Ligand SMILES: C[S@@+](CC[C@H](N)C(=O)[O-])C[C@H]1O[C@@H](n2cnc3c(N)ncnc32)[C@H](O)[C@@H]1O
């Protein structure tokens, strides 16, 4: 490990994800290398050459996706300037030239401005949004394939939320918490409501790739949706 590089990482701390640079590990405690969601995504969208990633944090998934054969470009959107600074710092070290980062608040951003893609990688983001349906509604026009990993509300804890949907309100960690949403609360939809938003938005098929109702942080689902 290079002491100089470790000091550079320390200046940007805290880190969530771990990054391997020239054989040594820097950053946080979690490695994304073994994260099953990357392979699940690539099985779902094996021909995706252009990928839009939503809520990229420090870019851990971005760089893994960008280096896969056949992937020409990953555009990674992230709301927090501090997270983007870390992602761009690692990008330089890894020389990941086919990854781009842009700042956007996905509660409001018009995604059409970012262009069209083969697939969207949306992991860990939807359950941080107060109105997740507003983002989902935009996505069929952006890419024909949408991969989601998200927490959802169980039927027992759900109540009526806007648009005739069911879900629960979840408190977020605040602006200085790197993993949180940008607003004080988020809406966790039920799985049924999530499916109905996807279908109403224009996805013809909605496949449940994995469902973990007993996930320790709340029920979680992996979905592949195709227009
Ligand atoms: C729980 S982390 C997920 C990180 C990564 N995608 C993963 O799956 O491990 C949520 C990320 O989404 C970002 N985020 C949350 N709300 C956002 C919003 N409204 N607009 C843009 N980014 C947001 C957070 O800053 C954070 O980087």
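Structure data summary
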item	result
Sequence of 101, 63, 121 once ranked by neighbouring C-beta atoms within 10 Å, starting from the fewest	101, 63, 121
Paired Rg and Dmax values of region 113-183, which use every Cα atom, in angstrom	13.6, 39
Listed residues 216, 46, 175, most fluctuating in the chain (Gaussian network, C-alpha, under 10 Å)	216
Taking 123, 154 and counting other C-beta atoms within 10 Å, the order from fewest to most	154, 123
Shape call, region 41-128: gyration tensor on alpha carbons, a/c limit 1.5	oblate
Semi-axis lengths, Å, region 33-87, gyration tensor of Cα atoms, sqrt of 5 times eigenvalues	20, 12, 9
Theoretical ellipticity at 222 nm over the chain - DSSP helices of four or more residues, -39500 (n - 2.57) apiece, nearest 500	-7000 deg cm²/dmol
Extent along principal axes [Cα atoms of region 171-227; Å; largest to smallest]	38, 25, 17
Fewest-first sequence of 82, 72 by Cβ atoms within 10 Å of each Cβ	72, 82
Relative contact order (%) - criterion: Cα under 8 Å, at least six apart; region: the chain	15
For region 35-226: span of alpha carbons on each principal axis (Å, largest first)	47, 37, 32
Region 35-226 - share of DSSP beta bridges that are antiparallel (%, nearest 5)	55
Centroid-to-centroid separation of region 120-147 and region 4-36 [C-alpha atoms, Å]	28
Point-to-point label distance, residue 103-residue 31, nm (Cα→Cβ direction, 7 Å offset)	3.3
Projected label distance in nm at residue 205 and residue 159, using a 7 Å step from Cα toward the beta-carbon	3.9
Among 55, 124, 164: highest mean-square fluctuation, GNM of the chain, C-alpha pairs under 10 Å	164
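Taken together, the values in this text are just the output of simple stated rules run on the coordinates, not laboratory data. Please read these numbers as outputs of a predicted model, since none were measured by experiment. Every residue, glycine among them, receives a Cβ derived from its backbone with ideal geometry; neighbour counts consider all protein chains shown.
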